[in-house]
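Everything below concerns the one structure shown next.
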Amino acid sequence: MPSVAIVGASGDPERYSHQAILRYLAQGWTVWPIHPKGGTIAGLPVLTRIEDLPGRPDIVCLYVNPQIGLGMLEAIAAANPTLLWLNPGADGPAIAVPARAKGLRVVEACTLVVQAQGDPLKIALERLPPPGH
């Protein structure tokens, strides 16, 4: 079963991060919401830090501004995800360039749009150049 860490997870159904959690769950993914306040979202325990992930995520999906994301890059790289997914508002050169420099495979796209097309992991891996290119 694929896994995703949703960084900037929200319990507000209007927020895109919340909608992504529900869609990943509906697609059968293991979902790890992450937010410094903790709590529960969609019945899932919310982790307060990336370092608390119980396993290697296939995707780390960011819903935080690039400056916050930049401060998490070391922890994200240490989690060794297959993909770092930067959603609109969490994307841009300020985070994408250093993330790629750390060897992370970066996707800059809306998770919700790609989820509507099928498996985001499969779609992204088909479209991304091989590592090191």
Could you identify the single residue in Leu53, Leu84, Leu25 that is of a type in the set (A, V, I, L, M), under 25 Å from Pro129 (Cβ atoms) and at pLDDT 95 or above? Leu84
Which of the residues spanning segment 33-73 are touching a Leu at 6+ places or on another chain (Cβ under 7 Å) and either of a type in the set (Ser, Thr, Tyr) or farther than 20 Å from Glu108 by Cα (or both)? Ala42, Leu47, Leu53
Would you point out which residue out of Ala116, Ala42, Ala99, Ala79 is at pLDDT below 95 and either under 18 Å from Pro2 (Cβ atoms) or under 15 Å from the mean Cα position of the chain (by Cα) (or both)? Ala116
Right, Val64: within 12 Å of Ile6 (Cα to Cα) and part of a loop (DSSP other than H, G, I, E, B) or not? yes
Counting only residues that are in contact (Cβ under 8 Å) with a residue 40 or more places away in the chain, out of contact with any strand residue (DSSP E or B) (no Cβ under 9 Å at 6 or more places or on another chain) and part of a helix (DSSP H, G or I), segment 73-131 contains a total of 2
Every residue in segment 19-61 that is among the charged types (D, E, K, R), part of a loop (DSSP other than H, G, I, E, B) and in contact with a strand residue (DSSP E or B) (Cβ under 9 Å, 6 or more places away or on another chain), please. Arg49, Arg56, Asp58
If I filter segment 10-17 for residues that are modelled with pLDDT of 95 or more, within 15 Å of Gly89 (Cβ to Cβ) and assigned to a helix (DSSP H, G or I), do I get at least one hit? yes
Among the residues of segment 2-54, write down those that are free of Cβ contacts under 8 Å to residues at least 60 places away in the same chain and at positive phi. Gly28, Gly38, Gly39, Ala42, Gly43
For segment 46-67 the number of residues that are surrounded by 14 or more Cβ atoms within 10 Å (Cβ to Cβ) and touching a Gly at 6+ places or on another chain (Cβ under 8 Å) is 7
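The values are calculated or read from the model by the stated rules, or taken from the named source; none is laboratory data. Computed from a predicted structure; not experimentally measured. Here Cβ is always computed from backbone atoms with ideal geometry, including for glycine, and neighbour counts include all displayed protein chains.
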